[in-house]
1. In region 141-156, which residues have a backbone nitrogen under 15 Å from the label point lying 7 Å from residue 167's Cα in the Cα-to-Cβ direction?
2. At a 1.4 Å probe radius, carbon and sulfur cover how many percent of the accessible area of the chain?
3. Under 10 Å, Cα contacts only: if you run a Gaussian network model on the chain, which one of 48, 150, 171 comes out with the highest mean-square fluctuation?
4. Of the listed peptides 6-13, 137-144, what is their order by residue-averaged count of other C-beta atoms within 10 Å, with the highest listed first?
5. Per Stokes-Einstein, at 4 °C and 1.567 mPa s, what whole-number D in µm² s⁻¹ belongs to region 105-190, with the Kirkwood radius over Cα pairs as the hydrodynamic radius?
6. Gain in length, residue 10 to residue 109, computed as 0.36 nm per residue apart minus the alpha-carbon separation, to one decimal in nm?
7. What lysines sit close enough to residue 175 to cross-link, taking a C-alpha to C-alpha distance under 26 Å and skipping anything fewer than 8 places away on the same chain?
8. Along the positive direction of the dipole of region 99-190 (beta-carbon charges: Lys, Arg +1; Asp, Glu -1; about the Cα centre), which of 180, 156, 131 reaches farthest?
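The values are calculated or read from the model by the stated rules, or taken from the named source; none is laboratory data. The model shown is predicted, which means the values in this text are computed figures rather than measured ones. Please note: Cβ atoms are built from the backbone with ideal geometry, for glycine as well, and neighbour counts cover all protein chains shown. What goes into the accessible areas is simple: the full protein's heavy atoms, side chains included, and nothing from ligands, DNA or RNA. Shrake-Rupley method; radii C 1.70, N 1.55, O 1.52, S 1.80 Å.
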Amino acid sequence: AAQQSDRPLIEPDVQPQPVTEALIDTENFEIGVVTGFMKIEDFESSFLAAGKLTYHLSERFFFEANVGFAEGGETSFEKLGGNVRVLSDEEREYRYYSANLGINVLPGRAFLTENYAFNTNFYLTAGAGSTDFAGDNRFTINYGAGYQMLFTDSLSAHINIRQHLFDSDILGEDKTFVNTEISAAISVFF
């Protein structure tokens, strides 16, 4: 009589592959340098240079402070009007300051090779601040989304898109200017 064995019929020879993933240590602060483009409504797109300081309240929520610099171009009226100037060179300097609340809505991992996995976050931000443009300081709200990839426990990269909205009468009538920022950032945790 044959005895029944608890051994499986097939024994797979599978070894788990070690995966290295970057984790945020105990650092709650993140400082970053940002570059990209700012589409200033009615004043063309320009190069954007910015900085950010972030405090992570938890794995899900964070506060962010931003400062950015760009320069407004010519309006279509100025291009077609010949020698007409709506703003002086100094008034074309665009500077914004903002404080935002952010939420990581889709944490995940990106596998770039079979041996390396990087933690990622898709996040949403919204906040308020001010914009200096056309010789005036304007209350500004902003909102946007971003994608973060953690390369090590202290280095990460971001891709962002944000809308900056303020009311102004720069061109003679009151309207809401919607300025679009598309940027990338490198940041370090400390």
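1. 141
2. Numbers: 6780 of 11500 Å².
Result for the chain: 59 percent of the exposed heavy-atom area is carbon or sulfur.
3. Residue with maximal mean-square fluctuation among 48, 150, 171: 171.
4. Details: 6-13: 5.9, 137-144: 16.5.
Highest mean packing first, the order is 137-144, 6-13.
5. Working: Rh = 15.1 Å.
Stokes-Einstein gives a translational diffusion coefficient of 86 µm²/s.
6. On the way: separation 99, 0.36 × 99 = 35.64 nm, distance 3.26 nm.
That works out to 32.4 nm of additional length.
7. Cross-link targets: 39, 79.
8. Highest projection toward the positive end goes to 156.
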